[in-house]
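See structure below.
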Amino acid sequence: MHPFEKVLSVSIEDIEFEFNGQSPIEWSSFLLNPRRLRGSDFLMRWSQGVWSEERIVLAVNQTKEFFAIPYGPSSTAPDDDVRAFELYFERLEAAGLGAIKRPDLLIFRKTDQSAIEKLVSNLGGAAELPFKVEEDKNMQGILSKAIIAVECENSLWKAAMMPDYGTELRPQKRLEGKLGLKKSAVLPTIIVKEEDREPLQTWQDINNVPIHVWHVFFDMAFGISLDKTQRLIEDGFILPTEQTFQAPGGATTKKSLYKLYYHYGYPLGDANEEPSLVAKSITDKNGHILPYVHFKGGTMILRAEALKILRELANG
């Protein structure tokens, strides 16, 4: 699957809108490449992903101890122009780098900020990082100072309002007596895709930088280390869930993912200002309008538990 389609794939369960009663339109007639932008859900997914990663970077950078930079392709790509976003991934694919998996963010000690910014500048700026091999001396300089790498996930839910938020884990028959909740429970989880487990583990082993998964909800966020994630899965505490994903081009694929109960992670942050949901749209050359919801603003403050983990990693 093309990397652009992969990053914007949406779970079938999350698709909100279906347009009926409209005759088919040839995708070649669209100004934007339509195999990628079929409708509002994918545009909203793009906006939602940009928003959640920006909230994390801002929260980290507001501390006096740490700062974050975008590192993976979805984080370094243009964030204010969907066409530029598309072309960025076309360039990545043309360079033969579309299949490379890297964490979304890198976090450093604040005292290293000037040195890191100089190394990033030497490489042509943050947008060029995915196009550089990690054996490059400047890339090695960046990675040698990273205290943690972050894989970002997000969900369009208010975690505190989910029905089973706050419910204690209990022994479950399907988990052979291990703690868990019923399969139908609705609560905050930290999502890790099966297809990402091995590439992320390989990256962590090669670069000796610990990876954590940070999952942002509308009102709060949770984190968990990749090491703990792997142990929970391998020991049978979390079973895979199969979901059908639809890419912007229309293709559907079944993927296994793991929904880790937030109980196993740590509180990452709380929203102290909610974002605004702004109506936006794009229009093709035939006048066909695709409306979508754009996420704007909002701030998050890191929890003491998250800062404690960052300090431990920085001093380790």
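Take the conditions assigned to a loop (DSSP other than H, G, I, E, B), under 27 Å from ILE238 (Cα atoms) and aliphatic (A, V, I, L, M) and apply them to ALA185. Does it pass? Can you show your working first?
Working: assigned to a loop (DSSP other than H, G, I, E, B): yes; under 27 Å from ILE238 (Cα atoms): yes; aliphatic (A, V, I, L, M): yes.
The answer is yes for ALA185.
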Members of region 57-67 found to be in a strand (DSSP E or B) and buried (at least 22 other Cβ atoms within 10 Å of the Cβ), listed by number: PHE66
- line: Residues of region 143-180 being free of Cβ contacts under 8 Å to residues at least 60 places away in the same chain, outside any loop (DSSP other than H, G, I, E, B) and under 30 Å from LEU105 (Cα atoms), in sequence order, are SER144, LYS145, MET161
task: Please work out which one of (1) of a type outside the set (Ser, Thr, Tyr); (2) exposed (fewer than 12 other Cβ atoms within 10 Å of the Cβ); (3) under 22 Å from the mean Cα position of the chain (by Cα); (4) on the phi > 0 side of the Ramachandran plot is the condition GLY297 fails and give its number.
output: (2)
- request: Working only within region 280-306, note down all residues that are in a strand (DSSP E or B), of a type in the set (A, V, I, L, M, F, W, C) and touching a Pro at 6+ places or on another chain (Cβ under 8 Å).
  value: PHE295
field: Selection status of GLU53, at pLDDT below 80 and not hydroxyl-bearing (Ser, Thr, Tyr)
entry: no
Unique residue being among the aromatic types (Phe, Trp, Tyr), at pLDDT 95 or above and either in a loop (DSSP other than H, G, I, E, B) or farther than 21 Å from VAL60 by Cα (or both) when the list is PHE222, PHE237, PHE218: PHE237
Selection count, region 176-188, where residues are of a type in the set (Val, Ile, Thr) and surrounded by 15 or more Cβ atoms within 10 Å (Cβ to Cβ): 0
- prompt: How about region 123-148: which of its residues are loosely packed, with under 15 Cβ neighbours inside 10 Å and of a type in the set (S, T, N, Q)?
  reply: GLN140, SER144
- prompt: Tally time: how many residues in region 273-316 are in contact (Cβ under 8 Å) with a residue 12 or more places away in the chain, polar (S, T, N, Q) and within 30 Å of PRO210 (Cα to Cα)?
  reply: 1
statement: Just one listed residue, out of ILE211, ILE191, is hydrophobic (A, V, I, L, M, F, W, C) and in contact with a helix residue (DSSP H, G or I) (Cβ under 6 Å, 6 or more places away or on another chain), and it is ILE211
- line: Filtering region 149-175 for residues that are surrounded by fewer than 18 Cβ atoms within 10 Å (Cβ to Cβ), charged (D, E, K, R) and closer than 24 Å to SER225 by Cβ leaves a count of 2
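Taking VAL120 as the residue in question, decide whether it is in a helix (DSSP H, G or I) and surrounded by 17 or more Cβ atoms within 10 Å (Cβ to Cβ).
On the way: in a helix (DSSP H, G or I): yes; surrounded by 17 or more Cβ atoms within 10 Å (Cβ to Cβ): yes.
It is true that VAL120 is in a helix (DSSP H, G or I) and surrounded by 17 or more Cβ atoms within 10 Å (Cβ to Cβ).
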message: Suppose we keep only residues that are in contact with a Phe, Trp or Tyr (Cβ under 7 Å, 6 or more places away or on another chain) and farther than 25 Å from MET300 by Cα within region 218-235. Which one would you say is surrounded by the fewest Cβ atoms within 10 Å (Cβ to Cβ)?
response: ILE233
- prompt: Only one of (1) closer than 18 Å to GLU305 by Cβ; (2) in contact with a Phe, Trp or Tyr (Cβ under 7 Å, 6 or more places away or on another chain); (3) not small (Gly, Ala, Ser) is not met by HIS212, so which one is it?
  reply: (2)
- prompt: So which of LEU290, LEU310, LEU260 ends up being of a type outside the set (Ser, Thr, Tyr), within 18 Å of LEU156 (Cα to Cα) and surrounded by 14 or more Cβ atoms within 10 Å (Cβ to Cβ)?
  reply: LEU260
query: Out of ILE191, ILE206, ILE238, which single residue is touching a strand residue (DSSP E or B) at 6+ places or on another chain (Cβ under 7 Å) and surrounded by fewer than 20 Cβ atoms within 10 Å (Cβ to Cβ)?
result: ILE191
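The values are calculated or read from the model by the stated rules, or taken from the named source; none is laboratory data. Quick caveat: nothing in here was measured; it's all calculated off a predicted structure. Reconstructed Cβ throughout: ideal geometry from the backbone, glycine too, with neighbour counts over all protein chains shown.
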